[in-house]
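So the structure is just underneath, and the comments pick up after that.
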Amino acid sequence: MEMATSMAIELKAVLERKEAALLGDLKIRDGIAIEKSADQMDEIQYASERDLAIQNAHRESLVLREVRAALRRVQAGTIGICLECDEEISAKRLAVVPWASCCVHCQDALDRAAREGTATEADSFTLAD
Ligand SMILES: [Zn+2]
């Protein structure tokens, strides 16, 4: 099963914009992360900003990985097809998470499994965005 070409083209454009935006954000955060101050209070403030920046950068690089995997699926003609069950991912879900690799049912099952196993905050980020 293959999704309508027009929709694949639209998704590709959305994914490419998202990739560019993420790369831009990660670049800006790199700048924050190396900011230095001699003042100790500033240093503490910068340290917590750095921590936050690093967390955000970590989360964004995970999304970037998903976006790039989705762009490869556009090339392969399998974008919009669930990796788990081979069913079409709903247009509604793709509108919210264009890089979704599985349908909402499989994602739910994966999230549940992740929560019961070795869950991390990164496991459900595709639904949160
Ligand atoms: Zn599925």
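The values are calculated or read from the model by the stated rules, or taken from the named source; none is laboratory data. Because the structure is predicted, anything quoted here is derived from the model rather than measured. Neighbour counts are summed over all protein chains in view; Cβ atoms, including those assigned to glycine, are modelled from backbone coordinates with ideal geometry.
So for segment 91-106 (the condition being under 19 Å from GLY24 (Cα atoms), β-branched (Val, Ile, Thr) and either surrounded by 12 or more Cβ atoms within 10 Å (Cβ to Cβ) or more than 16 Å from the ligand (Cβ to nearest atom) (or both)), does at least one residue qualify? Taking every residue of segment 91-106 in turn, none turns out to be under 19 Å from GLY24 (Cα atoms), β-branched (Val, Ile, Thr) and either surrounded by 12 or more Cβ atoms within 10 Å (Cβ to Cβ) or more than 16 Å from the ligand (Cβ to nearest atom) (or both). Summed over segment 29-80, the residues that are at pLDDT 80 or above and part of a loop (DSSP other than H, G, I, E, B) give a count of 4. Within segment 59-87, the set of residues being charged (D, E, K, R) and either surrounded by 15 or more Cβ atoms within 10 Å (Cβ to Cβ) or closer than 20 Å to LEU22 by Cβ (or both) comprises ARG59, GLU60, ARG65, GLU66, ARG68, ARG72, ARG73. For segment 1-21, the candidate set comprises residues that are outside any helix (DSSP H, G or I) and not acidic (Asp, Glu); within that set, the residue that is modelled with the lowest pLDDT is MET1.
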